[in-house]
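The values are calculated or read from the model by the stated rules, or taken from the named source; none is laboratory data. Note that the structure is a prediction, hence the values are computed from the model and not measured. Cβ placement follows ideal geometry from the backbone for every residue including glycine, while neighbour counts extend to all protein chains displayed. Ligands, DNA and RNA are stripped out before the accessible areas are found, and what is left, the full protein with its side chains, is counted by its heavy atoms. Shrake-Rupley method; radii C 1.70, N 1.55, O 1.52, S 1.80 Å.
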Amino acid sequence: MIFGSREWRFARRFAKAAQVAPAGPLRAYYEAGHAHFSTPVEAVEMIAIDLETDGLDFAESAILEAGLVGMSAGRIRGDAALRIRFRPAGALSERSVVVHRITDDALADALPEEEALPLLLGHLAGKVPVAHFADIEAGFLDAACRRVYGAPFVAPFVCTMQLESRWFPRTRAADGLRLAKLRAGYRLPAYRAHDGVTDALACAELLLAQIAHRGARELVLDDLLRR
Amino acid sequence: MTEQPIEIDEVSGFLRRHEPFAYLDDAQLALVSRAVEVSYFRRGAPIVRAGDENRYLSVVRSGAVELRLGGTELNSRLGEGDSFGYPSLIRSGPAQNEAVALEDTLLYRIGKEAFHRARAENAAFRTFYDTDEAARLRRAVDAMRAAREGEAAVGDTLGAHAPLSSLVRRREVVSGSPGTAIREAARIMAEQDVSTLPVWDGGRLAGILTDKDLRRRVLAPGLDPGRPVAEVMTPDPVTAVEDTPILAALLVMADRHIHHLPVTDAGGKVVAVVSSNDILARLGSNALHIAKEVASATDGKELARATAQLPQALAGLVGTGVDADHIARYVSTIGEGAHRRLLELAEAELGPPPVPYALVCFGSLARAEQALGSDQDNGFIMGEGFERTRHDAYFEQLAQRLSDGLDGAGYRYCPGNIMATNPAYRRTAAEWEAHFRSWIDSPEPQAILESTIFFDMRALAGEAALVDGLRQTVFGAARDNRIFLSFIARAAAVTRVPLGFFRNFLLQHDADEGDVLDLKGQAIAPIVDLARTHALANAIPATNTQERLRAASEAGSLDPDAARDLAAGFEFVREVRFRHQADQIAAGQPPSNKLDPASLSRFDREHLRDAFRLIRRQLDKLRSDFAGGLM
C-alpha cells in the first residue's frame, strides 16, 4: 500500500472506525476487513445494494427495506439475493406507501432497526457494496450505525452513477444519469422501479455493462471505486 | 423475516414467461432461477468458442446472439427468451457452435446441474430441449392430429376423420341376388325404406340397385319389372371398409361421381350403404357439392361458379380439422374434375376427337397436392394415327377451350406457357419421349431447373396408357443416367432452405433477414424435389410425394427414418400453409403461399425451424449421394 494513496487513506478511515465500533455486529463487520484496491475486478466479491427509505434526509428518514444481490467473478448470482425489511419507529408516510408499495401487511415480517442492521452488516462484511448514487446508501447506513452503535460505517463503495460520468463523460439531460435512462442506453431491459431487490439487480447489471463497454484490460477495484 | 436468499423476481418472472421454463412448477422454477448467473456481453464479444467446454444453458435476456457452427457457418440467431448451449450439455461434449453477441446482450446462464435436474424432473422441459428435431417434428404432427381428434370427439359438426362406421345407424342390410325380380327388389326397398339394395352373387357383391337405377333404367324406358335385377343394377360397385375415414370416402365418391357407397367389415361383408347425403349431413360442408356441380356444369360459367366456392370449402375443411394431405387431395380432385368436365364440354361442341389422345397434367395437380391459386400445367399426348396437318387444328381448338375454361375457373394460364395450347405440348408419344430424352441425355442446368415439373405427370382424361407408357420409358432412362441424376439432385439442392427465424424475420444462410416466408418455394418444393429425385433414381412410378418417399424407402434409396421424417415435415409445412390460406380466405384476401414470419405462432416457428433443418440435411445428403458432393 502506497503511503498517501487512495487506498492508504481509505484504510486509515476504515481502521479508525473499527477502533470506535463497540463489540458486536459492527465490530465483526470491520474485522472481516476489506478488499485490496489492486485486486482485479473479476476477483472482487461485490454486492449490489439498494435502500428504500422514507425520505432523503439521512438522520430524519427511516430505512424501509434493503435489497441485496451478490456478484462474483464478474457475474450476478441468482442464489445470492436478499431482502431485509426494516420496521420504522413511527407511522409510514403516505408517500412512501405509494412509492415503495410497502403496506402494513408487508411490515408484519419487518424487523426493528437494531435487529435488521446486524443482518445487513453480516452480508456486507468483506464485500464491495455497489449502488447507483451510492451517497444515499452510504449516508443512510452511516446514520443507522451511528444511531444503533454510536460509530460510523465505512465501506469501499462503487457508485455506478459516478462511474458513468467519470468513464463516459458527455453532456446529458438533467435526468440523464438516472438508472433507468442509463440502462436503456446499454440496451438493458426495463424493470419496475422501487423494489429493493429489483433496483439492486438493475444496478448490478448496469455495472456489468459499464465494465464491458469500458473495454479496458486488467481493471482493478481502485478503478471502480467512488472518489 | 428470513435470512435465506430469495429468488430474484425479475429473473424467475422472465423465465416463467418463456418456454420451456413456463412448464416448470414453482419449486423447479425456484431451483433454476437460483442457478442463474447474469452476464453482459458487448456487441461482437465471444460468449462460447467452438470446441470449448460449456457449463451452462444460456438464455438471452435482452439483445441477440449468433451461433456459428464450428465458428464459421451461420447456424442461427437468437433473440430474447431463446436459449442455447443445451446440445453440448446433453452430449456432455465440447460446444460445436461458437456463440457471439450480435448486439449488447444480457445473458442468463443456468448451471448444468440445475439444467440436468430440471430435465430429470420435468418431462415437458426435457422434451423441449430434445436435440432430435425430427422427433420433435413428429411429436408436433402427432399433437396436431390429437388436437383434431380431440375436437372431433367434442364437436358435433366434425368427424371428417371419424370412421365410416360412425355414420351407420343400423347394421342389418337387406339384399337381393342377381336373379331377384326388379319388382320384388323394389318392394323390399320400399318396405325397408332404403334407397340402395346390395346385390349378392354367392359370396360376392355383384352390384347395387339404387332408386336412380329404378327411375332411369326401369321406369323411364318402361322395362318389364319381372326382369332380373342383374340387368339394371350398377355392377361391381366401389366399396369401402368401415374404418375408412369419412373424408377419404367422400374423396372416392367425388372422384367416381357416385352417391352410394357400400360399407364392408374387415371380412368384406357389406354392413351398410352410406349415401353422399349422409356424409354431407355429417360434414355440413359444401365440399362434395362442388365436385358434383363441376361434374354436371353445362358451360364454363357454371363450372367457374362451382370452383369459386373452393376457397370457402377449403376454409371449412381446415376449420373442421381435416389434415393437409386430405385437403390437398380434395382440392386436386376438384381440379381434376374441372379439367375433365371442360374437355367433355369442348368435345361435345367440337365433335369426338379424330384420334385417341390423353390429357396429361404436370406439377402439383399430377401429384394430387394442389393448393389454391395453382396455375395450369398441361399437355396432350397424341395416340395412334395422329397426323399433324390433318388433326392438329382440332386439338388446338380443344386445348384453347380447355385452357380458357380453366383460366375462367381460377386455374390461371401458365406463365411458362406449359399448356396444350402451346404446339410444343401437343405431341405424339414418340415426340414427347424425344423431348424428355434430350433433357436426360444432354442435361443442362437451366433446362433441368425448368423441366423438373414435367417429371410429375398424370393422365387426367383420355388414354391413360399413353401417359403411363411415357412415364415408364422416361423414368427407366433417367434411372440409368447418373449424369442426369446428378443434375436433378443439384437442381433440388439449389433451393436455399431458411435457417429459421430471428425475431420477426426469416433468417437465411447468408445472414439475410427476410420478411416473407414462401412456404411453397422454401419448404414444400424442396421436399417435392427430394422425393422426385429418388423416384427418378429408382424408376418409381408413383407421382405423389408421400408415396414416392415410401417407395424410395422400400427401394433402399432413402433411409426409412429420413423418409418418415420428411413425410412428417411435408405434412407439417402443408398444414401451416392451409391454415394460413384459411385465415386469408376468412379475411377476404386472396390465398397465397407467402406469409409474414411475424404472424406465426411460437409453436409453428419452432417446428418450421425443425422442418427446415431436416430438409437441409436431406438436401445435403442428396448432393453427396447423387452429385458426388461436387457443388
Scanning region B:1-42 for residues that are at the interface with chain A (Cβ under 7 Å from one of its Cβ atoms) and free of Cβ contacts under 8 Å to residues at least 24 places away in the same chain, the one surrounded by the fewest Cβ atoms within 10 Å (Cβ to Cβ) turns out to be B:Glu3
The correct count of residues that are part of a helix (DSSP H, G or I) and more than 14 Å from B:Ala254 (Cβ to Cβ) in region B:294-308 is 6
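Matching residues to (1) among the basic types (Lys, Arg); (2) in contact (Cβ under 8 Å) with a residue 24 or more places away in the chain:
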| site | (1), (2) |
| --- | --- |
| B:Gln397 | no, yes |
| B:Gly405 | no, yes |
| B:Ala409 | no, yes |
| B:Arg412 | yes, yes |
| B:Ile418 | no, yes |
| B:Ala434 | no, no |
| B:Pro445 | no, yes |
| B:Ile453 | no, yes |
Check your understanding: Quick check: is even one residue across region B:553-562 touching a residue at least 24 places away in the same chain (Cβ under 8 Å), over 19 Å from the mean Cα position of the chain (by Cα) and assigned to a helix (DSSP H, G or I)?
Key -> no
Yes or no: B:Ile527 at pLDDT 95 or above, surrounded by 17 or more Cβ atoms within 10 Å (Cβ to Cβ) and not aromatic (Phe, Trp, Tyr)? yes
Turns out the helices (runs of 4 or more DSSP H) fully within region A:31-138 with at least 2 residues that are open to solvent by less than 10 Å² (accessible area, probe 1.4 Å) and either within 14 Å of chain B (Cβ to nearest Cβ) or at pLDDT 95 or above (or both) are A:113-124
* To do: Examine region B:113-122 for a residue that is within 14 Å of another protein chain (Cβ to nearest Cβ), open to solvent by less than 20 Å² (accessible area, probe 1.4 Å), aliphatic (A, V, I, L, M) and assigned to a strand (DSSP E or B), and state whether such a residue exists.
  => no
- Hey, any hits in region B:616-630 for a residue that's open to solvent by less than 50 Å² (accessible area, probe 1.4 Å) and within 16 Å of the chain's Cα centre (by Cα)? no
With criteria (1) in a helix (DSSP H, G or I); (2) among the polar types (S, T, N, Q); (3) without any contact (Cβ under 8 Å) to a residue 24 or more places away in the chain, A:Thr198 comes up short on (3)
Scanning region B:375-425 for residues that are of a type in the set (S, T, N, Q) and part of a loop (DSSP other than H, G, I, E, B) gives B:Gln376, B:Asn417, B:Thr421, B:Asn422
Restricted to region A:196-221 and to residues being within 18 Å of A:Phe157 (Cβ to Cβ) and β-branched (Val, Ile, Thr), the residue farthest from the other protein chains (Cβ to nearest Cβ) is A:Val220
Scanning region A:201-227 residue by residue, those of a type in the set (Gly, Ala, Ser), part of a helix (DSSP H, G or I) and open to solvent by 20 Å² or more (accessible area, probe 1.4 Å) turn out to be A:Ala212
Restricting region B:189-238 to residues that are of a type in the set (D, E, K, R) and in a helix (DSSP H, G or I), the one least open to solvent (accessible area, probe 1.4 Å) turns out to be B:Asp213
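Okay, residues lined up against (1) closer than 20 Å to B:Ala295 by Cβ; (2) part of a loop (DSSP other than H, G, I, E, B); (3) open to solvent by 10 Å² or more (accessible area, probe 1.4 Å):
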{"site": "B:Ile334", "(1), (2), (3)": "yes, no, no"}
{"site": "B:Gly337", "(1), (2), (3)": "yes, no, yes"}
{"site": "B:Cys361", "(1), (2), (3)": "yes, no, no"}
{"site": "B:Ser364", "(1), (2), (3)": "no, yes, yes"}
{"site": "B:Gly373", "(1), (2), (3)": "no, yes, yes"}
Does region A:187-194 contain any residue that is assigned to a helix (DSSP H, G or I), crowded, with 17+ Cβ neighbours inside 10 Å and within 14 Å of chain B (Cβ to nearest Cβ)?
no
Counting only residues that are open to solvent by 50 Å² or more (accessible area, probe 1.4 Å) and within 14 Å of another protein chain (Cβ to nearest Cβ), region B:78-101 contains a total of 1
By residue number, the members of region A:129-163 that are touching a Ser or Thr at 6+ places or on another chain (Cβ under 9 Å) and closer than 24 Å to A:Tyr186 by Cβ are A:Val130, A:Ala131, A:His132, A:Phe133, A:Ala134, A:Ile136
Contact list, first residue from region B:591-602 and under 15 Å from B:Val318 (Cβ atoms) and open to solvent by 80 Å² or more (accessible area, probe 1.4 Å), second anywhere and outside any loop (DSSP other than H, G, I, E, B) and of a type in the set (D, E, K, R), beta-carbon distance below 7 Å, six or more apart or interchain, is none
Condition set within 14 Å of another protein chain (Cβ to nearest Cβ) and part of a loop (DSSP other than H, G, I, E, B), scope region A:139-186, selection least open to solvent (accessible area, probe 1.4 Å): answer is A:Tyr186
Exactly one of B:Tyr394, B:Tyr411 is surrounded by 23 or more Cβ atoms within 10 Å (Cβ to Cβ) and either touching a His at 6+ places or on another chain (Cβ under 7 Å) or hydroxyl-bearing (Ser, Thr, Tyr) (or both), and that residue is B:Tyr411
Does any residue of region B:510-521 turn out to be under 14 Å from B:Asp620 (Cα atoms) and open to solvent by less than 10 Å² (accessible area, probe 1.4 Å)? no
